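Down below is the structure, laid out as structure tokens.
The values are calculated or read from the model by the stated rules, or taken from the named source; none is laboratory data. Quick caveat: nothing in here was measured; it's all calculated off a predicted structure. Note: ideal-geometry Cβ built from the backbone for every residue, glycine included; neighbour counts use all protein chains shown. Ligands, DNA and RNA are stripped out before the accessible areas are found, and what is left, the full protein with its side chains, is counted by its heavy atoms. Shrake-Rupley method; radii C 1.70, N 1.55, O 1.52, S 1.80 Å.
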Amino acid sequence: MLEIFGDFHEEQDESKEFLMIGFSPGSTSLQQRWRNNGLSADFLADYMITFFPSDENDPSTLEREEELKGAVAYIANELLENAMKFNDFSFESHVSLQVHLYTDHLTLMVSNNLPIENVLGFKSFIHELLNTPSDELYIRQIERADDDESGTTSGLGLLTMIDDYNAKLGWKFETIQQHPEIIVVTTMVQLSF
Amino acid sequence: MVQIFGECNNDPLKSQEYLRLRFSPSSAPLQLRWRNNGLSADFLADYLITFFPSEENDPQSCEKEAELKGAVSYIANELLENAMKFNGSTSNVPIKLELMLYSDHLILCVSNHLPSENIAGFQSFIHELLNTEPQDLYVRQIERADQDDNMTTSGLGLLTMIDDYNAKLGWKFESILQEKADNIIQKGFISRFLNKIASLVSSQSQRAKLTVVTTMVQLSI
Amino acid sequence: MKITTNDYSIKYDTETATISWQGFMRLNGKEYDPILQLLNQVIDLEPPIITLNLQGLEALNSSGISMLGRFVFSLAKKKKIQLIVQGDKKIIWQRKWVINFQRLMPSLLLEWK
Amino acid sequence: MEIITEEYSIKYDVATATITWQGIMRLNGKEYAPLTTLLNDVMAQEPTQITFNLQGLKALNSSGITMLGRFVFGLQKKKTIQLLMQGSKDIAWQKKSVKNFQRLMPKLQFEWA
């Protein structure tokens, strides 16, 4: 079974450059490998920036490059943090992160196993995200975080992508196995430049 | 068809920790993306080090960490440089780099498309590498480079892995169809489906045979 | 004589006949040509001793090692110039490599930091 | 009051009531708890104005933005303390996300370096 929410499409062939990273499900604690999220996000951003040769004598291109690099590093880190936090490590599967580059935009995608008990809650948050004015949702999320000391704030990360970075977001929920049921969720972020 | 040389475990045991990178085959000039080899190698080494928490107060463990990091970044960079240099520009086979971590060793694997005209030469160098004293081969490679200004020094990179880092090397040469190569790029099932239809419709002759070479480096830790 | 980029630099000091290397050098084969040229110019000056200070060169790929090897090899053939290599054991590739240069030129002098 | 790690630091200067943030902060949700404690201690001292100097904070993840948001939100409810934020336009997350804090506290003052 396959369900799509928001702006989601399969990668097109005209993606000239791409990079995919697959991470092991992880025998080490999340704490120990947490640092690797930022490391991977910075690498992805650094890697992509190679394909935007900026003109050293033109400060505006350098500025644009820095901005894009910052956006990719922020978004990739948020996507990875969420995937690592919510991934169901009881299955043999990996978390994957990919970036595809097109002439006027790029896409970032992360896939992970979502535990069955979290599927409904996540879908209802997606619905809220796609149908609530961002000002309102922003304040709502901070209030929620205030009530919830455990601080699983994935919501704010997705909201900032849309609201602060003008990204388009989409999700694919795919049932890849029935017994026991395994659901892989892929989050796609499109960023124009 | 599959051919194996050296110490190449065709189906390595599942490792608990791994990192896989897939790179698009070069559409940007090699010059432009060259910097990404070092960047990727350093990332791999940095990533790996997370799994070796060293005691800050223990200089020995810090030194061991620095040594492992240096070895992995050197070897991964050499493997990627070779893969990018030799990957056939006409294929759409992605270049893959994989790091697998085990309790007492690690494996670095790179695979790329090798144009058919380069296969015989590469296999004969592998033979030389596996059957010559490193010292002799080292001097021989420098002399060769001295005579040939267009040198492609992949040979020295592989030799240093064996001689300086005590790595075990192996290779797998595998023939695949271009159509299968397409599928190596993980795609969603819709485009996979469309591809399958396209390949059923297209004639046999459009499916070119390609050789993919995998270089496997084993390093004790 | 010097070559300076964002990633690395090479400087030749005429007075001490020392070539100092700094940074990360992972060039594509042919990109080493200007560096080889600089090294050949230094050989042409025929100083009695040339010192290579590699202590600041943190990374070098095998194409770079090959270039250095060729330089050492040509000095060994010339037999007129003494070579001193200054390395840092903390930099892995140097610990491994500087010893290999002695295979090409047994009279090479090694100084560790 | 200060928290210093290899990757980031926050320091409170009592004389100027300024909290200076430095480095890269991408902590796992719960790891922000000591920082929240520090911020609450500062709030408890009831200075008339608190200054956040964020110019050295190169990266902050959304858990960190949430922590800052909660603090701003707490000040807003309190109504007795003025907040001044100093940011840098060269840092992507600041340029993008600063308006969010103003949503929580319309009176918040912001200065670009």
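Quick rundown of the values:
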{"quantity": "Heavy-atom accessible area order for C:F24, A:F5, largest first, 1.4 Å probe", "calculated": "C:F24, A:F5"}
{"quantity": "At least 30 Å² accessible surface lost relative to isolated chain, residues of segment C:41-83 (1.4 Å probe)", "calculated": "C:N61, C:S62, C:S63, C:S66, C:R70, C:F73"}
{"quantity": "Solvent-accessible area, 1.4 Å probe, carbon plus sulfur percent, for chain D", "calculated": "49"}
{"quantity": "Accessible area buried, both sides summed, chains B and C with 1.4 Å probe, Å²", "calculated": "2500"}
{"quantity": "Segment D:70-113 versus segment B:60-101: alpha-carbon centroid distance in Å", "calculated": "44"}
{"quantity": "Residue-normalised accessible area of chain D, given per residue in Å² at a 1.4 Å probe", "calculated": "45"}
{"quantity": "Protein heavy-atom accessible area occluded, A/B pair - total, 1.4 Å probe, Å²", "calculated": "3000"}
{"quantity": "A:Q32-C:D7 FRET efficiency (beta carbon distance; Förster radius 35 Å; 0.05 resolution)", "calculated": "0.65"}
{"quantity": "Fraction of antiparallel bridges per DSSP, chain C only, in percent to nearest 5", "calculated": "35"}
{"quantity": "Environment charge at D:E7 (Cβ cut-off 9 Å; Lys +1, Arg +1, Asp -1, Glu -1)", "calculated": "+1"}
{"quantity": "Accessible carbon and sulfur surface of segment B:1-126 relative to its total accessible area, %, 1.4 Å", "calculated": "51"}
{"quantity": "Other protein chain Cβ atoms within 10 Å, averaged over every residue that makes up D:55-66", "calculated": "6"}
{"quantity": "Gain in span if fully extended, B:N92 to B:S220, counting 0.36 nm per residue against the direct Cα distance", "calculated": "42.7 nm"}
{"quantity": "Cα-Cα over 18 Å, subset of D:K78/D:K107; A:K168/D:K99; B:K69/C:K90", "calculated": "A:K168/D:K99"}
{"quantity": "Segment A:1-111, accessible surface, carbon-and-sulfur percent (1.4 angstrom probe)", "calculated": "51"}
{"quantity": "Accessible area per residue, Å², segment B:55-157 with all protein chains present, probe 1.4 Å", "calculated": "45"}
{"quantity": "A versus D: buried accessible surface, summed, Å² (probe 1.4 Å, to nearest 100)", "calculated": "2600"}
{"quantity": "Heavy atoms of A:H105 accessible to a 1.4 Å probe, total area in Å² rounded to 10", "calculated": "40"}
{"quantity": "Solvent-accessible area per residue for segment C:2-112 (1.4 angstrom probe, square angstrom)", "calculated": "45"}
{"quantity": "Sum of side-chain charges, A:I116 neighbourhood, beta-carbon under 15 Å (Lys, Arg +1; Asp, Glu -1)", "calculated": "-4"}
{"quantity": "Three-way shape label, segment D:2-112, alpha-carbon gyration tensor, a/c 1.5", "calculated": "rounded"}
{"quantity": "For chain A, with +1 on Lys and Arg beta carbons and -1 on Asp and Glu, the positive-most of A:A167, A:F125, A:V189 along the dipole", "calculated": "A:F125"}
{"quantity": "Minimum 40 Å² accessible area buried by the other protein chains, segment B:73-103 residues, probe 1.4 Å, relative to alone", "calculated": "B:Y74"}
{"quantity": "Degrees separating the helix A:116-131 axis from the principal Cα axis of chain A, which is the longest one", "calculated": "50"}
{"quantity": "Assigned charges on the beta-carbon of Lys, Arg, Asp, Glu; segment B:13-80 dipole about Cα centre (debye)", "calculated": "640"}
{"quantity": "Span from the segment C:24-93 Cα centroid across to the segment D:35-54 one, whole angstrom", "calculated": "57"}
{"quantity": "Counting DSSP beta bridges with both ends in the protein assembly as shown, the antiparallel % (nearest 5)", "calculated": "75"}
{"quantity": "Prolate/oblate/rounded label for the protein assembly as shown (Cα gyration tensor, a/c 1.5)", "calculated": "oblate"}
{"quantity": "Estimated [θ] at 222 nm from DSSP helical runs (n ≥ 4, -39500 (n - 2.57)) normalised by residues in the protein assembly as shown, nearest 500", "calculated": "-14500 deg cm²/dmol"}
